[in-house]
Amino acid sequence: MEKTWRVAIVGSTGRGDYGHSLDTAWLQFPEAEIVGVADENRVGLAKAGERLKTEATFADWREMLDKTRPDILTIAARWIDRHAEMALAAAERG
């Protein structure tokens, strides 16, 4: 039996599209399940939920990590100075 990989995505564009389609790439993998998407911008978050076909949306990426416990975190926040904090928080949560 193949493992289903639990994928969470963090973005912050206000448009709901992250990482030049890095987010939607997961839709091409049947062994990947998008378990959450986070964006502090409510408009972007709603658009991302639609694009990624998930209702598991979060305004706070830390809450998303705690509640979804993903195997993989896609960090696609626009400003790269936030990436290290996100990666470290994910690593601390296992």
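Go through (1) of a type outside the set (Lys, Arg); (2) open to solvent by 20 Å² or more (accessible area, probe 1.4 Å); (3) over 26 Å from Glu92 (Cβ atoms); (4) at pLDDT below 90 one by one and return the number of the condition Ser12 breaks.
Unmet for Ser12, out of (1) of a type outside the set (Lys, Arg); (2) open to solvent by 20 Å² or more (accessible area, probe 1.4 Å); (3) over 26 Å from Glu92 (Cβ atoms); (4) at pLDDT below 90: (3).
Mind listing just one residue for me: the one in the stretch 53-90 that is open to solvent by less than 30 Å² (accessible area, probe 1.4 Å) and of a type in the set (Ser, Thr, Tyr) and, of those, nearest to Ser12 (Cα to Cα)?
Going through the qualifying residues, I end up with Thr74.
Could you look through the stretch 31-52, keep only residues that are open to solvent by 30 Å² or more (accessible area, probe 1.4 Å) and modelled with pLDDT of 95 or more, and pick out the one that is farthest from Glu85 (Cα to Cα)? Give the derivation first.
So the first thing to find is which residues in the stretch 31-52 are open to solvent by 30 Å² or more (accessible area, probe 1.4 Å), and the list is 31, 33, 40-43, 46-47, 50-51.
From what's left, modelled with pLDDT of 95 or more: 31, 33.
Numbers: Glu31: 28, Glu33: 24 Å.
Going through the qualifying residues, I end up with Glu31.
Look at Ala25 and say whether it is buried (at least 18 other Cβ atoms within 10 Å of the Cβ) and either in contact with a Pro (Cβ under 7 Å, 6 or more places away or on another chain) or among the small types (Gly, Ala, Ser) (or both). Walk me through it before giving the result.
On the way: buried (at least 18 other Cβ atoms within 10 Å of the Cβ): no; either in contact with a Pro (Cβ under 7 Å, 6 or more places away or on another chain) or among the small types (Gly, Ala, Ser) (or both): yes.
It is false that Ala25 is buried (at least 18 other Cβ atoms within 10 Å of the Cβ) and either in contact with a Pro (Cβ under 7 Å, 6 or more places away or on another chain) or among the small types (Gly, Ala, Ser) (or both).
The values are calculated or read from the model by the stated rules, or taken from the named source; none is laboratory data. Source: prediction; values computed, not measured. Glycine also receives a Cβ, built like all others from the backbone with ideal geometry; neighbour counts cover every protein chain displayed. In case anyone asks, the SASA skips ligands and DNA or RNA and just uses the protein heavy atoms, side chains included. Shrake-Rupley method; radii C 1.70, N 1.55, O 1.52, S 1.80 Å.
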